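Okay, so here's the structure we're looking at.
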Amino acid sequence: MNYKDKLNLDKLPAHVAIIMDGNGRWAKQKGFLRASGHKEGTKAVRDTVEGCAEIGVKNLTLYAFSTENWNRPKLEVDTLMKLLVSSLKKEIKTLQDNNIRLNCIGNISNLPKKAKKELLDVIEKTSSNTRMTLTLALSYGSREEITSCFKQIAEKVSKRELSIEAIDESVINKHLYTQNLPDVDLLIRTSGEQRISNFLLWQIAYAELYFTKILWPDYRREDLFEAIYNYQNRERRFGKTSEQLS
Ligand code: FPP
């Protein structure tokens, strides 16, 4: 089925977030090393980013490396960091050509020097692009993000820069890594797992969840269009009744 032609471009999700999962299983099924699954995963990243830009999705966030992923074998962590650097170097042109701004969420002070430098460089060079924001979650964990948010707010209260009464959802939003992004409308996870894995816990409060069995290296823009088509055919009630909505 051609899902792209069936999409209502006036009702696109403002923010799509993806938990890219299944690189290791993809490699294992083929008898390859896990690293080749990650490498193949970069092709899926490229196609999905281009697919979002093609139809007009304004915000795409990819879970590239979690705070928990630091516990993987050193060789795998090093491979992922090297892939990040080589992908950034290779894809800056695609980002510029497509007017895409690169953004990052997570505790990037933990990244190796080279990866951090390359990342900040691409973020800076693409900072005035306006068609779409691509956010990479790197060394990201939602509980860590929320903890850091609490600390910043507590400090402001203790210094009397903020009153307790003034704390509301918008104040909390402003102290999260995602401060300039809209809430997630559609969260996709590949590989058949049905978990959130410490990803954007606050930001997915009203997101539609979509799980697919496709392993991340095999994921392509047509699969994304199918997920968005499915999203567009759901009724989002935000706590109201169907009758209230119509
Ligand atoms: C999950 O698969 C995937 C990751 C932990 C890393 C995702 C990274 C990439 C797609 C490549 C680099 C990304 C960028 C943005 C350049 P898994 O290893 O957990 O798979 P498994 O569950 O099958 O073992």
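No value in this document is a laboratory result; all are computed from the given coordinates. Computed from a predicted model, the values in this text were never measured in an experiment. Quick reminder, even Gly has a Cβ in these numbers, built from the backbone with ideal geometry, and neighbours come from all protein chains shown.
Here are some notes:
- P(r) for the chain, from all Cα pairs and a bin width of 5 Å, is 1, 6, 12, 17, 19, 17, 13, 8, 4, 2, 1, 0 %, short bins first.
- Descending Cα extents along the principal axes, segment 50-178, whole Å: 47, 38, 22
- Contour excess over end-to-end distance, with Cα ends at Glu165 and Gln179 and 0.36 nm allotted per residue: 3.0 nm
- Rg then Dmax, both in Å and based on the Cα atoms of segment 1-118: 15.7, 45.
- Label separation (Tyr229 vs Lys82): 4.0 nm, computed from points 7 Å beyond Cα along the C-beta direction.
- With Rh defined as the Kirkwood radius, the inverse of the mean 1/r over Cα pairs, the Rg/Rh of segment 160-246 is 1.07.
- The value given for segment 196-246 is a Kirkwood hydrodynamic radius of 13.2 Å, derived from the mean inverse Cα-Cα separation.
- The calculated FRET efficiency for the pair Glu243 and Leu201, based on their C-beta separation and a Förster distance of 45 Å, comes to about 0.90.
- Segment 65-121 pair-distance distribution - Cα-Cα, 5 Å bins, rounded %: 4, 17, 27, 26, 15, 8, 3, 0
- A helix-only calculation puts the chain at -13500 deg cm²/dmol for mean residue ellipticity at 222 nm, using -39500 (n - 2.57) for each DSSP H run of at least four residues, averaged over all residues.
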